[in-house]
Structures are given as C-alpha cells and as structure tokens.
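Below you'll find the structure, written out as structure tokens, and then a few comments.
Since every read-out is calculated from the coordinates, none of them should be taken as a lab result. Please read all numbers here as calculations on a predicted model, not as lab measurements. With ideal geometry, Cβ positions are generated from the backbone for all residues, glycine too; neighbour counts draw on all protein chains shown.
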Amino acid sequence: MNIEAYSADDNASALTAAEWRDRLRQASVGLETKGQGFTHAPVSLSPWRLSDSQWQQALEAADLLGRLSQLMVRDRSWLLEHTAGLEASDSVPGTIWRLLSLIPTDQVQTVPVALQRHDLLMDTDGLWRWVETNPIAAGMGPLNQRWLETLATVQPAFYATNPAIKKQSFSLADGARRLAAEFGSDSPMMVMVVTDDEDNIYDQQLLTQEVERQGVSVLRLTLKEFSAAASYCDQRLFLPDGRRVDLIYWRTGYNAEDYSDDTLWQFRAKLEQTRIAQCPDLASQLSGSKWLQHVVSRQVHYIDGFADYFGLDERELALLQQLCLHSYSVADLSVPEFHRLVNQGYWYKTQHEGGGSVARGLSALTHYASRDAADILMANIDAAVRSAPISKLVNGELIRLSFHISELGIFTLGLTSEYGGYLCRTKAQHSLEGGVHRGGAVLDTLVIAKAV
C-alpha cells in the first residue's frame, strides 16, 4: 500500500500561529482548566486523505460493531454468561458484572440510549482493525466537528461529513422526550454527570446547548451531587425541587476513582431498577469493556455458532473476523507464553479507560506483576504510517513533523447504529497514548478522495 497517499499538502502558512489560536478560541475548540482559563486543543492542519472506498468501509465496520453491540446489550443472559470472566476482576467492568448479576431481569426498568464510538486503525494492508468501543463518555465528536468547520474556512476540501453535534444531540433529546412522554409530560429533563474538575466543558456544551434548543432542560451534576440529590417515587427519579429526571448522560463513571465509596455503586444499581433513560446503562457500559472485545474476538474466530446466533451473514462475519485481532486472557497464560507474546509485540490491555491502559514491551512485563483477572493481550496492529510531514498547532506553536498514525473513531447511535459523526486523532508513530484530552494526539480531519 502507498502510505504516502494518506498524507496531504496543506496551507498551514495561510495563517500565523497567533491567528490560528484566535480562531480556535472563537470556535471554543479547546479545554477550560481551573486557574488557567481556555487552552486551545492540539490540532492538525494537514487532513488525513482516505479514498471514498476506505471511508465507506470504515462506516460499514462501525455500523456492524454498533448493531452487534446493541444485540448483546439487549440479550442480558448472553452478555453476563460470556463476560463471566469479569467476576473476579477488581476493575469497573468487574464491578458492573457483579451488580448486574444481582438484579433480576424482570426488575430492570432503565432504558438504554446508545451513543458509542468505535475506534479503528488502518493497517499496512489497507484493512481496518478494531481498537475498542467506547459507550460511556464517548466524546470529542462535537469538538472535532468545530475544528473541521474552522479549518475548512481556510483550506476548502471535500471533507468527510461530521454531523456529530446535530445527530448526537437529537439522539439524547429524543431519549429524554420518549421517557417524558410515557408519563404524559412535555417538559423532559436530562442530567449530565460530570467530573469534579471537568475541563472538557466546550465539547459537552456543544451538545447540551443543542439539546436545550430541542426543548430538553439540562442540569450538570457530579456523581456525588446527583446521588445525594436523588429521590424515588413510583420507580421514577426526582430532584429536591420536584423536577423529574428523564435521561442521564454519563460523561464520567468509567474508572474506579470515580466511585469514592460503595454508596455511589449502589446508586448506579438503583438506577437500573428505575424508569429512566441512560446513556449508557450498566449493560451498555459493560458492552464496551475490553474483556467483551476479547470474547467477541475469540468467538468470531473459533465458535461456529456465533454468526448464526446474532444473525450475521457471510459478508458480515468476514468483516468482523477482519476487524477482530487475536487476543488472550493474561490469567490463562503461563509465564513463558506471556513473555513469548509480549516479545511478538502483543499489547497489554487493562480494563481501565483513558491513559495508561495499554502497554508494550518492558512496560507490559511490569504490568504482569500486578495483573488483574481481566487483563488481556491483544495482537499488535501494524498501523499505516503517514510518513510525509504534517503541520500541527500544539501549545500555541506551529510545528511540522513526519511519521504519524491516525486513528478514526466513528460514532453510532441507537438500535439501528445510525452514523453520528467521527473523531479523528493523529499521534506520533511510536506513541502509545492516542488521546487528545490527556494523551499525545491532535484533532485531525478527513478529506475523501473521490474516484475519477
């Protein structure tokens, strides 16, 4: 494959670094840190070029992953049976598994609202590979849309359409309206659960402002604040001022440190038995665990009945097999087997979300000493490298460097896995951390090269 085809000439010199910073500030493409104010997001001024065929293949892959995930979420018996390896795990997915196992199916009242991001890498053969799926705090699509719109004013091109703000806000607002309508209300309300020191406020505001324009009131609360304020009546959740909550949108709650004591976990378990919409509910959050990805990867390669059970045709099965890399449970490996796979380049993946959840080489060996029951090794993705220089604005300065890898996250919405925008992140070739928020990546855009 011609790796150079994924690089793009750009007009970075059309504006100075100061002018780009001003444009990013005007578009609110950045973070708001307490005591430091606005900081622009790191961005790429050199779009990633994909052919129309590659773009369509990525959309097809995300659609399949989204539909499959929803089938698993709604088949709770299958989900719990096939993630039973989490039972002994100290991770957040492990805790979720144990909570769900204690709640009888006929007591589940919560309504899942699906907003997922499926992260993909293209390998050197031009094939998309599945990195992971994120169903909780699946953000940065709105911010990526704003960066696209900002860049396009200076560098017009045939960009891949990114309707993240409109599509995702409608999905959330629709979920809130549906629950409100069940009880004869035309005044739906959404609570967005955020961290105590939230700095990713602009990405969130792009969504909530649009949700409010659609007639849904929005309240931001931390998990502690929400838990302390909640009361229940007739399986509904109310706030102290009497307002009923129709939808909970989780932008936190995916790591152990988010739960300072067991009462917060008890609160989440209580929500499962409350008539309320959640994005995501516990089953949906479990569906995004790296452990379930490991299970699916094993099943799709080795279990004949998997495709029939979920109604996959031959083409869908072949695509899923392409997407899924081989993986192993660390707990099932002998020490020599573990060392052999690490030396082959396998990634050590914990169930932790965010930075520090992936390790390779010596770092992977260090993880082994404190391994969790649900840690896995996943085969290396030999990702396509953009060897040509790209221009980036990082920490207020324009820089131009070569050798990068771009990761494409495609959002899907609801049971039908509707396209909900994308997040494109580009990082240095040898960097393991691909996050824009706290990692080493930059926001990027996609330009689609139409076939002649």
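About its Cα centre, the dipole of region 332-380 is roughly 180 debye, where the only charges are +1 on Lys and Arg Cβ and -1 on Asp and Glu Cβ. Ranked by the mean number of other Cβ atoms within 10 Å of their residues, highest first, the peptides 279-287, 234-242 come out as 279-287, 234-242. Distances between placed amide hydrogens fall under 5 Å for ALA449 paired with LEU50, SER51, ASP52, all partners being 5 or more residues away or on another chain.
For region 28-109, the set of GluC sites (Glu not before Pro) satisfying both a DSSP loop assignment and a count of at most 13 other C-beta atoms within 10 Å is given as GLU87. Here ARG178 and ASP75 are evaluated by their C-beta separation; at R0 = 25 Å the FRET efficiency comes out at 0.70. Structural descriptor for region 332-380: relative contact order 44 percent, calculated from alpha carbon pairs under 8 angstrom and at least 6 residues apart. Here the chain is assigned +1 on the Cβ of each Lys and Arg and -1 on the Cβ of each Asp and Glu. Its dipole about the Cα centre then comes out at about 640 debye.
Below 12 angstrom from the Cβ of ALA180, what's the summed charge of the other residues (Lys, Arg +1; Asp, Glu -1)? That sum, taken over residues with Cβ under 12 Å, equals +2.
The chymotrypsin sites (Phe, Trp or Tyr not before Pro) of region 97-185 that DSSP puts in a loop, and whose beta carbon has at most 16 other beta carbons within 10 Å, are PHE158, PHE183. Computed from the Cβ-Cβ distance with R0 of 41 Å, the FRET efficiency linking VAL108 to SER187 stands at 0.95.
Taking the simple approach of a point 7 Å from Cα along Cα-to-Cβ for both HIS430 and THR124, what is their distance in nm? The modelled label-to-label distance comes out at 1.6 nm. Near ALA374, once Lys and Arg are set to +1 and Asp and Glu to -1 for all other residues with Cβ below 15 Å from its Cβ, the sum equals -2. Mean projection of the Cα convex hull over all viewing directions, computed for region 332-380: 3.2 nm². Could you compute how fast region 41-140 diffuses translationally, taking Rh as the Kirkwood radius over C-alpha pairs and applying Stokes-Einstein at 10 °C with viscosity 1.306 mPa s? Give it in µm² per second. Result for D is 97 µm²/s. By definition, a body whose alpha carbon gyration tensor gives a ≥ b ≥ c is oblate when a/c is 1.5 or more and a/b is not larger than b/c, and the chain fits this oblate description. Every helix of 4 or more DSSP H residues in the chain counts as -39500 (n - 2.57), and over all residues that averages to -10500 deg cm²/dmol at 222 nm.
Computed 3J(HN,Hα) for region 226-240, one whole-Hz value per residue from the Karplus formula 6.51 cos²θ - 1.76 cosθ + 1.60 where θ = phi - 60°, is 5, 4, 5, 8, 6, 9, 10, 7, 6, 6, 10, 10, 10, 9, x, glycine and proline marked x. Taking a ≥ b ≥ c as the square roots of the eigenvalues of the Cα gyration tensor, region 53-109 is classed as prolate, since a/c reaches at least 1.5 and a/b is larger than b/c.
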